[in-house]
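**Q** Take a look at this one; I'll ask things after.
The values are calculated or read from the model by the stated rules, or taken from the named source; none is laboratory data. Predicted model only: the values in this text are computed from it and were never measured. So basically every Cβ, Gly included, is an ideal-geometry build from the backbone, and we count neighbours across all protein chains shown. These accessible areas exclude ligands, DNA and RNA; they are computed on the full protein's heavy atoms, side chains included. Shrake-Rupley method; radii C 1.70, N 1.55, O 1.52, S 1.80 Å.
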Amino acid sequence: MSSQTATTTVPTKAGACRDRTRARRRRWLVEVGWKYLFAVVIVFYAAFPLVYTLSAALNPRGTLSAASGLFSSLSLDNFAGLADTRYWTWMGNSLIIAIVTSIGSVLMGAAAAYAFSRFRFSGRRASLSGLLIIQMFPQALAFIAIFLMLLALGEVIPALGFNSKIAIICIYFGGVLGANTFLLYGFFNTVPIEIDESAKIDGATHAQIFWRLIFPLVTPILAVVALLSFIATYSEFLISRIVLTSEDQWTLAVGMYGWVSDQLTANWGLFTAGAVLGAIPILVLTLLLQRYIVGGLTSGAVKG
C-alpha cells in the first residue's frame, strides 16, 4: 500500500515542477522574450545594408549581381582604384564645405539665439514665429529663387555665383540658420539670466558675457548643432548638383553619383568603396562628440 502511494506522489510533484517551469517560460516570453526578438530584427535591419555595402566594396567585379553573395570574393582593388579618380578632390571639397558650414552655422545660430533669449526688442516674437514658419516649407521650393539669385550675383561677383564653394556655403548658412536658432534658443533659456546681470554689475560688456560666460556653458548644444550641420552638408546632394558645375568643384555625393548614374556603365564596387571611406569622417566626429549628444539634444528639445 505504501509503495503504491510513493509511485503516485513522485510523478505528481515532477509534473507540478514542469508546469511551473512552463509557466515561467511563458511569462518570460510574454514580458521579456519578445523584446529580444524585436531587438534582433532591428539590429539585422540596421546592420544588413552596412554589411552588404562592405561586401560589395570588397568584391572586385563591381556589379550588384556579383555582390549578392556576401563576401564571396575579397579584394582591395576597389579601394585602390579610387586613387585613379577625383575621389580625394571631392572628399576635400566636401570636408571644406561641411567644416566651414558647421562652424559658421554654430556661431551665427548662437549669436541669434542669445539675442532672442536675452534681449527684448520690437518684432522679437514675430521674428521667432517667422523663423518657425519658414522652416515648415520644403527646401525644394527655394531652388528657382536660388538659381536666379546665383545667376544675378555671378554676373557681378563671380565668387558668389555658380560653381563656387563660397556660394554654396552661403546657401547652407541660410538653410540651417532657422532650425539651429530654435534649437539653441531653448538651451540658452535654461542658462540663468542672473549670470548676465552679475557680470554687468562687474562692468562686463555683452560681448564679454557672451564669449566668456555663456559660450562655455552651452558647449553641449553647440557640439550637437555642429555635428548635425556637418552631417547634413557633408551628405547633401541636390543643391550641390545644381550649384557646382565643374568636376573639380564637385562634392563627394555629386561625384560618386556619376559612377552609378548610368546603368550600363555603373561601377558599384567603386561606389561602395567610396561610400565606406566617405563615412569615416562622420563616424570619427560622432565618436568625438558622443558625450555631448544625448545631453545637448534633450536639453535643447524639452526646455525653452
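**Q** Inside the stretch 128-146, can you point out the residues that are touching a Phe, Trp or Tyr at 6+ places or on another chain (Cβ under 9 Å) and open to solvent by 50 Å² or more (accessible area, probe 1.4 Å)?
**A** Across the stretch 128-146, the qualifying residues are LEU132, GLN135.
**Q** Go through GLY81, GLY62 for me and flag whichever is touching a Gly at 6+ places or on another chain (Cβ under 9 Å), part of a helix (DSSP H, G or I) and modelled with pLDDT under 90.
**A** Just one listed residue meets the conditions, GLY81.
**Q** Right, here's the next one. Which of the residues that make up the stretch 40-66 are surrounded by 15 or more Cβ atoms within 10 Å (Cβ to Cβ), of a type in the set (A, V, I, L, M, F, W, C) and farther than 30 Å from ASP248 by Cβ?
**A** Within the stretch 40-66, just ALA66 meets the criteria.
**Q** Follow-up question, since we're still on this one. Any residue at all in the stretch 43-60 that's touching a helix residue (DSSP H, G or I) at 6+ places or on another chain (Cβ under 8 Å), without any contact (Cβ under 8 Å) to a residue 24 or more places away in the chain and of a type in the set (Ser, Thr, Tyr)?
**A** Yes, the conditions are met somewhere in the stretch 43-60.
**Q** Can you tell me which condition GLY178 does not meet? The list is (1) out of contact with any Phe, Trp or Tyr (no Cβ under 8 Å at 6 or more places or on another chain); (2) open to solvent by less than 50 Å² (accessible area, probe 1.4 Å); (3) assigned to a helix (DSSP H, G or I); (4) modelled with pLDDT of 85 or more, and all the others hold.
**A** For GLY178, the exception is condition (4).
**Q** Here's another thing I want to ask about it. Is at least one residue of the stretch 93-104 in contact (Cβ under 8 Å) with a residue 40 or more places away in the chain and loosely packed, with under 14 Cβ neighbours inside 10 Å?
**A** Yes, the stretch 93-104 contains at least one residue that is in contact (Cβ under 8 Å) with a residue 40 or more places away in the chain and loosely packed, with under 14 Cβ neighbours inside 10 Å.
**Q** I need the full set of residues from the stretch 240-283 which are touching a Gly at 6+ places or on another chain (Cβ under 8 Å) and outside any loop (DSSP other than H, G, I, E, B), in order please.
**A** Those that are touching a Gly at 6+ places or on another chain (Cβ under 8 Å) and outside any loop (DSSP other than H, G, I, E, B): GLU247, LEU252, MET256, TRP259, TRP268, GLY269, LEU270, ALA273.
**Q** So SER299 fits all but one of (1) at pLDDT 90 or above; (2) under 26 Å from PHE173 (Cβ atoms); (3) not hydrophobic (A, V, I, L, M, F, W, C); what number is the exception?
**A** (1)
**Q** Looking at VAL191, VAL224 in this structure, which one is in contact with a Leu (Cβ under 9 Å, 6 or more places away or on another chain), closer than 29 Å to ARG291 by Cβ and not in a helix (DSSP H, G or I)?
**A** Every option except VAL191 fails the conditions.
**Q** Okay, moving on. Being modelled with pLDDT of 90 or more and either surrounded by fewer than 16 Cβ atoms within 10 Å (Cβ to Cβ) or of a type in the set (A, V, I, L, M, F, W, C) (or both) narrows it down to one residue among ALA253, ALA266, ALA223; which is it?
**A** Selected residue: ALA253, the only one of ALA253, ALA266, ALA223 that is modelled with pLDDT of 90 or more and either surrounded by fewer than 16 Cβ atoms within 10 Å (Cβ to Cβ) or of a type in the set (A, V, I, L, M, F, W, C) (or both).
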